[in-house]
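Have a look at the structure below, then the notes.
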Amino acid sequence: KSTQANIKMSDINGNEIKAQKVEKFLTLENLSSTIKNLQYAVRGKVVIRAGELKKELKQGVEKPFERVIRANIGDCHATGQKPITFIRQVMALCTYPEFLNSDKFPQDTKDRAQALLNACGGGSVGAYTDSAGLELVRKHIAEFITNRDGGIPTDPDNIFLTTGATCGVKIIMKMLLNEPKEKPSGFMIPIPQYPLYSATISEYNAEQIGYYLDEDNNWALSIDELERSYQDSLKRCQPRAFCIINPGNPTGQVLSLENMQKIIKWAYERKLFILADEVYQDNVYAEGMKFHSFKKVAFELGHPYSQMEIGSFYSTSKGFMGECGARAGFFEVVNMDPKVKVELRKLSSAQLCSSVLGQVCMDTVVNPPKPGEQSYELFQQEKGVVLSGLKEKAQLVTELLNKIEGVKSIEHAKKNEMEPDMFYCLEMVEQTGICVVPGSGFHQRPGTYHFRTTILPPTDQIKSLLAKFEKFHLNFLRQWS
């Protein structure tokens, strides 16, 4: 140990070295533009300000509201949604197998947990799994998809468990990148879009090909618009994939069967890989709407469409589960060239494997309690409460927002070098504590302005949010009309 207060530095010859400022190797100037251009709106400027306001409230700073209400991101449990008992019991048993000897857990949860532990190396969720995930879980996922799609067969070998759906989307998009000397790969994405896609395209130095959803027609998808977008992109990139989010995020639309059939036929003609983001398939509330998977529709169309290459994605973060922190997802590849699938496995193996506890969580979702099992009734009751609550909140939000007039603060915002909807959302969080996301963070048709809100806070908070929002909006309207 040195007892000196100041330690002198010297070179190898014993000569004293004067302290010099060490220049940073990595600076903003030499940082890749692909990183600097990356944006993720649901965790952006408004959200950062909401976090600051929450801290200020805790410090006793007086505000015109008592709490911050986060409606910016689909983080269900953070807003108060209760975990599903069956899911958490199986996860708890797998985490701490000593509980298998407890009489506080139903036998069916113990049986599930024991089967999952038997599938793990050393009987522990602390062991790595195959890069694609536990074979038992992939088998259950294949059965889940087959049942969902009316008996269309699913091969567990085509299933890959991932760290949330996000990881799966990024893996497949990486597989679709061109060689550096070729034209960049183009990815067709809906506008408005979920920021995962634009952020990943930027990260991969690929090209974004935006196609507009038709807001005046319930955010429907027009084949003419797809073709316009495709043709406009040909000079700057090689379109490789068509990305579709169904049910939509952030727009919430559910594609009709007829619309999907047209999309598949168009994508076939253009030789595009279909990336089907289907994580919200459990969240369909509007009367007359029904979820159809792209795989099912393509297979039902018959040859040659049944031979199309499709990647579909699912997650435990949405639906009725809301287990965002488990980071559990999977993707299925349909009709992929076997030689390409070998390369996909190689790329997947570089990730080692997804969270094994997340894989356990996914298993409880795709292989829920069956009629007659001890956990069945409680599982169905809790699932029903969540989905009916979400439907009620969706109706509340829809009714209020549809009856309120628009606003005009555009010129003021532009003078302050700010997107008008960003200005609106910042004003709202400052005055009400309501945190939502500007539509500009999702991209939108030029000259239109939106904000995106979730419906996850508890019903009492949603009602409070709507009352505060209406008051704020009308005041804003008076100020800027």
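The values are calculated or read from the model by the stated rules, or taken from the named source; none is laboratory data. In this text, all values refer to a predicted model and were calculated from it rather than measured experimentally. Neighbour counts are summed over all protein chains in view; Cβ atoms, including those assigned to glycine, are modelled from backbone coordinates with ideal geometry. For the accessible areas, the whole protein counts, side chains as well, though only heavy atoms, and no ligand, DNA or RNA atoms are used. Shrake-Rupley method; radii C 1.70, N 1.55, O 1.52, S 1.80 Å.
A compact table of results
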| quantity | calculated |
| --- | --- |
| Residue among 264, 245 that is modelled with pLDDT of 95 or more and among the aliphatic types (A, V, I, L, M) | 264 |
| Criterion violated by residue 276 - all others in (1) under 17 Å from the mean Cα position of the chain (by Cα); (2) free of Cβ contacts under 8 Å to residues at least 40 places away in the same chain; (3) open to solvent by 10 Å² or more (accessible area, probe 1.4 Å) satisfied | (3) |
| Any chance residue 290 is surrounded by fewer than 22 Cβ atoms within 10 Å (Cβ to Cβ), modelled with pLDDT under 95, closer than 29 Å to residue 78 by Cα and of a type in the set (Lys, Arg) | yes |
| Residue ID - nearest to residue 443 (Cα to Cα), chosen from residues in the stretch 202-236 that are assigned to a strand (DSSP E or B) and open to solvent by less than 40 Å² (accessible area, probe 1.4 Å) | 210 |
| Matching residues, the stretch 457-478, being free of Cβ contacts under 8 Å to residues at least 60 places away in the same chain and surrounded by fewer than 18 Cβ atoms within 10 Å (Cβ to Cβ) | 460, 467, 471, 475, 478 |
| Members of the stretch 279-294 found to be farther than 14 Å from residue 319 by Cβ and of a type outside the set (Gly, Ala, Ser), listed by number | 287, 289, 290, 292, 294 |
| Answer residue from the stretch 136-178, given it is more than 26 Å from residue 194 (Cα to Cα) and either outside the structural domain of residue 244 (by the TED database) or outside any helix (DSSP H, G or I) (or both) and is most open to solvent (accessible area, probe 1.4 Å) among those | 153 |
| Some residue of the stretch 270-280 being assigned to a loop (DSSP other than H, G, I, E, B), touching a helix residue (DSSP H, G or I) at 6+ places or on another chain (Cβ under 7 Å) and of a type in the set (Phe, Trp, Tyr) | no |
| Every residue from the stretch 142-191 that is hydroxyl-bearing (Ser, Thr, Tyr) and over 20 Å from residue 315 (Cα atoms) | 185 |
| One residue from 240, 228 being modelled with pLDDT of 90 or more and farther than 22 Å from residue 332 by Cα | 228 |
| Residue 133 of a type outside the set (A, V, I, L, M, F, W, C), in a helix (DSSP H, G or I) and buried (at least 23 other Cβ atoms within 10 Å of the Cβ) | no |
| Filter result for residue 73 (surrounded by 17 or more Cβ atoms within 10 Å (Cβ to Cβ), at pLDDT 85 or above and within 15 Å of residue 324 (Cα to Cα)) | no |
| The stretch 117-141 residues that are more than 9 Å from residue 359 (Cβ to Cβ), paired with ones that are of a type in the set (Ser, Thr, Tyr) and open to solvent by less than 50 Å² (accessible area, probe 1.4 Å) (beta carbon under 6 Å, 6 or more apart) | 131/348 |
| Hits in the stretch 293-307 (condition: over 25 Å from the mean Cα position of the chain (by Cα) and either of a type in the set (Ser, Thr, Tyr) or modelled with pLDDT under 90 (or both)) | 305, 306 |
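So that you can scan it fast, the table gives a plain yes or no per residue for (1) within 26 Å of the chain's Cα centre (by Cα); (2) in the same structural domain as residue 456 (by the TED database); (3) in a helix (DSSP H, G or I):
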| residue | (1), (2), (3) |
| --- | --- |
| 87 | yes, no, yes |
| 91 | yes, no, yes |
| 103 | no, no, no |
| 116 | no, no, yes |
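The rows are residues; the columns are (1) modelled with pLDDT of 85 or more; (2) open to solvent by less than 40 Å² (accessible area, probe 1.4 Å).
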| residue | (1), (2) |
| --- | --- |
| 371 | yes, no |
| 377 | yes, no |
| 384 | yes, yes |
| 403 | no, no |
| 414 | no, no |
| 417 | no, no |
| 433 | yes, yes |
| 455 | no, yes |
